[in-house]
C-alpha cells in the first residue's frame, strides 16, 4: 500500500509538472519580434528578437533635395524677404562619420553659398551646431535647426554671423527642401 501511495504521489507530481510545462510552452514562449535598436525610429521595447526592420533616423535625411532659399536681412521678419533665390537648386545630404556615425550628416551645396555644413539628427529633427565656415572668402559662424516630415519635406532655419565684426549676415534664413530621390 505504501508503494502504491508513493507511485500515485509521484504520478500526481509528474502530471502537475507536465501540465505546468505545457502551459508555459503554450503561452510563455511566443516571442515578440521587431526592431530592438533603441536609437531607431521604430524601436519596439517589447521585441525580444530583431527582425531587421529597424529604420535609422539618419536614413530619412539622406538624399538629393530641390530647394528654395529665403533670406531676411536686418532682422525684419514681418516683411517680405529681401532675397528669395528663384533658381532651381539642389542640395545633397550625405553620411558624415565625424562624431557618432548613427546621427551625423552633412549638407552639400548648403544655402546661397553652396557650402558643406555638418549637422546632427535626432528622430525627425536636425541641429546644425555652431561651426566656423568660409562663405565668399569671409569667415562666418553658422548655426541652425530643422525638421523633416514623413513625405520628405525638409525645413531648415539658420543664421550666419561674420566672425570678424560679429555682424549678422543672415538672420533666420530659411531653406525649404523637397526630397527628389525616393
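Here, each number is a calculation from the coordinates, and none is a lab measurement. Predicted model, so just to flag it, every value in this text is computed and none were measured. When we count neighbours, we look across all protein chains shown, and the Cβ atoms used for this are built from the backbone with ideal geometry, even at glycine.
Extension gain for the segment residue 137 to residue 59, taken as residue separation times 0.36 nm less the Cα-Cα distance, is 24.8 nm to one decimal. Label zone (residue 68, point 7 Å along Cα-to-C-beta; backbone nitrogen cut-off 14 Å) within the range 159-182: 174-179.
Using the Cβ-Cβ distance between residue 98 and residue 32 with R0 set to 25 Å, the FRET efficiency from 1/(1 + (r/R0)^6) comes to roughly 0.10.
Remark: the Cα gyration tensor places the range 136-182 in the prolate category, a/c being 1.5 or greater and a/b exceeding b/c.
For a protection proxy built on the mean count of beta-carbon atoms within 10 angstrom, sort 136-143, 161-168, 56-63 highest first, please.
The peptides rank, most packed first, as 56-63, 136-143, 161-168.
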